[in-house]
1. Of the residues Lys190, Lys184, which single one is modelled with pLDDT of 95 or more and surrounded by fewer than 16 Cβ atoms within 10 Å (Cβ to Cβ)?
2. Any idea how many residues of region 1-31 are part of a loop (DSSP other than H, G, I, E, B) and surrounded by fewer than 18 Cβ atoms within 10 Å (Cβ to Cβ)?
3. With the requirement that a residue be part of a strand (DSSP E or B) and farther than 20 Å from His162 by Cα, what does region 111-141 give you?
4. What number of residues in region 105-142 are surrounded by 17 or more Cβ atoms within 10 Å (Cβ to Cβ), farther than 15 Å from Asp75 by Cα and hydroxyl-bearing (Ser, Thr, Tyr)?
5. Filter region 40-60 down to residues that are of a type outside the set (A, V, I, L, M) and under 15 Å from the mean Cα position of the chain (by Cα), then give me how many there are.
6. Looking only at region 47-62, which residues are in a loop (DSSP other than H, G, I, E, B) and either among the β-branched types (Val, Ile, Thr) or buried (at least 18 other Cβ atoms within 10 Å of the Cβ) (or both)?
7. Does Lys108 satisfy being over 25 Å from Val12 (Cα atoms) and part of a loop (DSSP other than H, G, I, E, B)?
8. Go through (1) of a type in the set (A, V, I, L, M, F, W, C); (2) assigned to a loop (DSSP other than H, G, I, E, B); (3) touching a residue at least 40 places away in the same chain (Cβ under 8 Å) and name the single condition Val188 misses.
Amino acid sequence: MEKEYFAHETAVIDEGCKIGRGTKIWHFSHVMSGSEIGDNCNIGQNVVISPGVKLGRNVKVQNNISVYTGVICEDDVFLGPSAVFTNIVNPRSAVARKDQYVKTIVEKGATIGANATIVCGNRIGRFAFIGAGAVVTRDVAPYALVMGNPARQKGWMSEYGHRLDFDNTGTASCPESGEKYILKDGMVTKIIEQAPSAEIK
């Protein structure tokens, strides 16, 4: 049966992995047995997808990234070039800890900037934005913008990737989409506007 994804001739695809329809895997990348990649993902050059990794739909993995066992990325996640994941809290070369991998979850729509480091055991919230070079050592709230080493929250981001400026009522609008957000009790949520119901005649 013809495969439903594209893999460059230099890519290594192990048996026992799952790769979704429309996914593209580029030069010198290695997808290992036991990993799962959803539909319409893009795996850049020199990427390793380790056993047990799960990538949702439309995940973009830029060049030079190793996605290690224990990492789960939900739909629409963006991993910037040379971003780094870890999966052991206290690694030692002489001590085997392959049964102690720590889970890291990157929720739907989140962006990990270029050269950022995500220390294992943390959860990156929906549509969070990790700045380039940031070192994440704790959970990141949905829609939060974090930067620096160690990463600290510097603001909030829309689902289209724009910084949100909240007014004195705690409301902000995305300048690109026009979608509205509310900040309440230290958390941001998108306001879902109901479409007007059809008039019954």
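1. Just one listed residue meets the conditions, Lys184.
2. 15
3. Thr117, Ile118, Arg123, Val135, Val136
4. Selection size over region 105-142: 1.
5. The qualifying residues number 9.
6. Hits for region 47-62 are Val47, Ser50, Gly52, Val53, Gly56, Arg57, Asn58, Val59, Gln62.
7. Here the answer is yes, as Lys108 does meet what is asked.
8. Answer for Val188: the failing condition is (2).
The values are calculated or read from the model by the stated rules, or taken from the named source; none is laboratory data. These figures come from a predicted structure and were not determined experimentally. FYI the Cβ positions are ideal-geometry reconstructions off the backbone, even for glycines, and counts take in every protein chain you see.
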